[in-house]
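Remarks on the structure that follows.
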Amino acid sequence: MTWDADRYDRDQGFVSAYGRSLESFVPDDTDALLDLGCGTGTLTAELARRIPHVVGVDASTSMIDRARREHPGVEFHVADALDLPYDGDFDVVFSNAVFHWIHDHGTLLANVRRTLRPGGRLVCEFGARGNIARIDAAMGRAMRRRGLDIAVRFTFPGDDEFRRSLDSAGFRGIDVTSYDRPTPLGGGEAGLSSWLRQFYADDLAQVDEDERQAVIAEVEDGLRDDLWDASRGCWVADYRRLRAVAVR
Ligand code: BEZ
């Protein structure tokens, strides 16, 4: 997935807004925190106001470039979550809306654990099993009708599955919960189209622009009864979140 940092900030501002509730799981006496998958650095900068040493890392150079421009006083680096350059350096690894982009949770959690000091904690939230199930099913149907398929690009584990992954990686004090979090998309009527064009870009690239518009219109028609909120004039994505806290 190629990230467009400007578009991300404009259209997906709700991601950091929701991430704020995760900040309350960061202990007050935290001295050093790594924001893993920090994107354009909105939450990283907020955390840096109350935590002495905060570093944001992201795999996307365009996200890190923008984070550095927007928050010049905060430390940001490009880094791969599956190959983190840290060893016992942080009290907290914080991560919002990132782990569902990474398939290999075993290697990811081994990297997170190595990054933490003994007694340090992982505080994370991302897509749980069932996340965007209706949107994904509607997209799959529309593409299959054209003899095409969509890629499986997200990892949305169930609670027990993620608990087992944490346990296998050597974490203790594991607390995992998941919950529905219907999420209003910005952009009014065009909000779902914009979201699909961003997150299903590779699937939609299999067809030309006319057909792309037809696919999106079909997805919208199929989801309107369930996901269009006429009173607020917005699409509401069927997000489901998994929140986990675990100790090294
Ligand atoms: C999510 O945050 O759950 C998500 C975002 C983009 C695509 C799929 C899921």
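The values are calculated or read from the model by the stated rules, or taken from the named source; none is laboratory data. Here the structure is a predicted model, which means the values were calculated and not measured. Every residue, glycine as well, gets a Cβ built from its backbone with ideal geometry; the counts of neighbours run over all protein chains shown. Just so you know, the surface numbers come from the protein's heavy atoms only, side chains and all, with ligands and any DNA or RNA stripped out. Shrake-Rupley method; radii C 1.70, N 1.55, O 1.52, S 1.80 Å.
Go through the residues of segment 131-141 one by one and say whether even a single one is among the basic types (Lys, Arg), under 30 Å from Glu211 (Cβ atoms) and away from the ligand (no atom under 16 Å from the Cβ). Checked against the condition, which is being among the basic types (Lys, Arg), under 30 Å from Glu211 (Cβ atoms) and away from the ligand (no atom under 16 Å from the Cβ), segment 131-141 yields at least one hit. Total residues in segment 199-248 satisfying the condition of being assigned to a helix (DSSP H, G or I) and either open to solvent by 20 Å² or more (accessible area, probe 1.4 Å) or not hydrophobic (A, V, I, L, M, F, W, C) (or both): the figure is 17.
Restricted to helices (runs of 4 or more DSSP H) entirely inside segment 29-135, those with at least 1 residues that are free of Cβ contacts under 8 Å to residues at least 24 places away in the same chain and open to solvent by 40 Å² or more (accessible area, probe 1.4 Å) are 61-70. Within segment 133-169, the set of residues being over 20 Å from Asp202 (Cβ atoms) and of a type in the set (S, T, N, Q) comprises Ser165, Ser168. Scanning segment 136-147 for residues that are loosely packed, with under 15 Cβ neighbours inside 10 Å and in contact (Cβ under 8 Å) with a residue 12 or more places away in the chain returns Arg141, Arg145, Arg146. Kindly indicate whether any position in segment 181-188 is more than 16 Å from the ligand (Cβ to nearest atom) and either among the aromatic types (Phe, Trp, Tyr) or outside any loop (DSSP other than H, G, I, E, B) (or both). Yes; the residues of segment 181-188 include at least one that is more than 16 Å from the ligand (Cβ to nearest atom) and either among the aromatic types (Phe, Trp, Tyr) or outside any loop (DSSP other than H, G, I, E, B) (or both).
Is it the case that Ala151 is within 16 Å of the chain's Cα centre (by Cα), more than 19 Å from Phe90 (Cβ to Cβ), open to solvent by 30 Å² or more (accessible area, probe 1.4 Å) and touching a residue at least 40 places away in the same chain (Cβ under 8 Å)?
Details: within 16 Å of the chain's Cα centre (by Cα): no; more than 19 Å from Phe90 (Cβ to Cβ): yes; open to solvent by 30 Å² or more (accessible area, probe 1.4 Å): yes; touching a residue at least 40 places away in the same chain (Cβ under 8 Å): yes.
Here the answer is no, as Ala151 does not meet what is asked.
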